[in-house]
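Worksheet for the structure shown next.
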Amino acid sequence: MSARDRKTASERSRTLPQHSGGGLLSAHLEVLGDSLRRFAAAPLSSAMTIFVIAIALLLPALLGLVADNLAGLGGNFQDSARITLFLTGQTDDGEAVALSEDLRSAADVASVSYTSRSQALAEFQAGSGLGGIVTELGDNPLPASLSVTPSNREPDAVQALVTRLQALPQVESVLVDLLWIQRLDAMQAVVNQLGRILALVLGLAVLFIVGNSIRTGIEQRQREIEVVRLVGGTAGYIARPFLYSGLLLGLFGATLACLLLMALQLAVSGPIDNLLSLYGAEFRIRFFTAVDALSLLAIGSLLGWSGAAISSLTRIYASPP
Amino acid sequence: MIRFDQVSKRYASGNDALSQISFELQQGEMAFLTGRSGAGKSTLLRLITRMESPSQGQVIVAGRNLNRLTRRQVAWHRRQIGVVFQDHQLLFDRDVFENVALPLKVSGYSKSHTERRVRAALDKVGLLGKEKMRPGALSGGEQQRVGIARAVVHRPAILLADEPTGNLDPLLSRDIFGLFEEFNQVGVCVLIASHDLGLVASRRRRIITLEQGRLIENREQRADVGPG
């Protein structure tokens, strides 16, 4: 009995797998090559799947880019979010300078600059080309003003500062384009939220598309799977070609999405530059970068692999070993 | 090596394929499994490979109760078995080499080791020159020999064959049976399901006979019975 057991053990050791690093790597490369050949063998259906994945990845990426640019635009305008205080006629230069010193020491104020009545007149004459008309008026109609830059540019903080400044006795009126900043802020929030929802929905769509394509592949290769099971292929071995197929579908879809984004960018960059120059903005549009492209490729590959893993492993584990 | 202990198999359809089967094959033994088609021969072989599991009883192979194997252990269990089918079960989108190499690839053998073993197996069945051909371009007898090469390439401890000569002429059948005997001589435990009673009787081996899922005969043939 014990002699037979020993023999059995030696029989078993003969059939143990011998995993060598080179063997494993070349085995993976072979499966990769096989997946590529299978795509080439069914070019139309592969191309359609890849195209649908590309569109599903393109839309959230595009929206993300738009949201980023809106944020940049908002930041750009918030830099110039100055509050202008027009002082009352009774406030003389001395009082105005004292007030500006007071404000400068406040925590929520970054900087203050004072423009006296005569400076305002000189600037107006130089800048408007209407200097002659003002001279004919005789009296200087322009008020002195303080230009205040808030240290905190959050709309709420700016609003609080404005309310406080309005209450000052020396201040006639306050000018601030807060509403515009708030609107931009809200718009950006909408686009961001839309982008997040779209990314979630379309990410699920990619999982579904890849999973469906893999399901078809598994059905077509049922006979092969049976043979592999019979010769002792593990669930991982059986799933491996499908995981590679899913990974490649995601990667190719993401690559196509990147190319489409770059083409789109090329097509609209002229009109956008034109638009921005009309607004005289210094704002530079944030284009699709190499980092964005790499992230999109990584996300696409991961989604493809996950879709394939869910689809293949659930099927493999649902059937007998 | 292979032990059936009161094994019954009822399929989900309610069909009783096997009832209360008990027998044992020793290490290095060769035996035939006979009976009409539908008697349960294929089911019995599928229980040994654990492609099916018994409804009752235990199948013990190489000291392991197959009922208690995990999914991974089932895969490892199958690596010590080679199976030959009547319809060969070859993959027609791959060449002969790839078909024969499959059991080694599944086990993760290195490329050079795989090539050596595959050549040796193809040499054994006389198909060394045809490794680059597709199975579809081969004759039935050649396809069967590719199937045999695949079944033995990883030097299994157990070789199972399900009607391996079902589609072959008598001369080819005798060759194939001769091959199985050669494997048995180097210590492989061989179990061949066949309804070719003439050929089976000529081989002086143990015969296990099934009828409607029941074991009706399990006898050693005496060595002095001459070849037919």
With a cut-off of at least 2 residues that are within 25 Å of A:R38 (Cβ to Cβ), name the helices (runs of 4 or more DSSP H) lying wholly within the stretch B:42-156.
-> B:96-106, B:111-124, B:140-152
Check B:L197 against each of (1) out of contact with any helix residue (DSSP H, G or I) (no Cβ under 9 Å at 6 or more places or on another chain); (2) under 25 Å from B:L127 (Cβ atoms) and name the one condition it does not meet.
-> (2)
Is it the case that some residue within the stretch A:216-229 is open to solvent by less than 20 Å² (accessible area, probe 1.4 Å), farther than 23 Å from B:R72 by Cβ and either of a type in the set (S, T, Y) or at pLDDT below 95 (or both)?
-> yes
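Does A:I181 qualify as being among the β-branched types (V, I, T) and over 30 Å from A:A54 (Cα atoms)? Walk me through how you get there before you give the answer.
Details: among the β-branched types (V, I, T): yes; over 30 Å from A:A54 (Cα atoms): yes.
For A:I181, the condition - among the β-branched types (V, I, T) and over 30 Å from A:A54 (Cα atoms) - is met.
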Assuming B:A39 fulfils every condition listed in (1) closer than 26 Å to A:V228 by Cβ; (2) more than 9 Å from chain A (Cβ to nearest Cβ); (3) touching a His at 6+ places or on another chain (Cβ under 9 Å); (4) of a type outside the set (D, E) apart from one, which condition is it?
-> (1)
Right, B:R72: farther than 23 Å from B:F180 by Cβ, at the interface with another protein chain (Cβ under 9 Å from one of its Cβ atoms) and surrounded by fewer than 20 Cβ atoms within 10 Å (Cβ to Cβ) or not?
-> yes
Given (1) open to solvent by 60 Å² or more (accessible area, probe 1.4 Å); (2) modelled with pLDDT of 85 or more; (3) over 30 Å from A:A254 (Cα atoms), number of the condition A:T135 does not satisfy = (2)
Might you check whether a residue that is facing chain A (nearest Cβ under 8 Å) and touching a residue at least 60 places away in the same chain (Cβ under 8 Å) occurs anywhere in the stretch B:45-52?
-> yes
Scan of the stretch A:235-258 for residues that are of a type outside the set (F, W, Y) and buried (at least 24 other Cβ atoms within 10 Å of the Cβ), ordered by number = A:P241, A:S245, A:G246, A:L249, A:G250, A:G253, A:A254, A:A257
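Being among the hydrophobic types (A, V, I, L, M, F, W, C) and free of Cβ contacts under 8 Å to residues at least 24 places away in the same chain is the filter; apply it to the stretch A:89-118 and report the residue that is nearest to A:R164 (Cα to Cα).
Looking only at the stretch A:89-118, we keep the residues that are among the hydrophobic types (A, V, I, L, M, F, W, C), and these are A:96-99, A:103, A:106-107, A:109-110, A:112.
So of that shortlist, the ones also free of Cβ contacts under 8 Å to residues at least 24 places away in the same chain come out as A:97-98, A:106.
Details: A:V97: 18, A:A98: 17, A:A106: 12 Å.
The selected residue is A:A106.
The values are calculated or read from the model by the stated rules, or taken from the named source; none is laboratory data. Quick caveat: nothing in here was measured; it's all calculated off a predicted structure. Ideal geometry is used to build each Cβ from the backbone, glycine not excepted, and the neighbour counts take in all protein chains shown. Note: accessible area is taken over every heavy atom of the protein model, side chains too, but ligands, DNA and RNA are not part of it. Shrake-Rupley method; radii C 1.70, N 1.55, O 1.52, S 1.80 Å.
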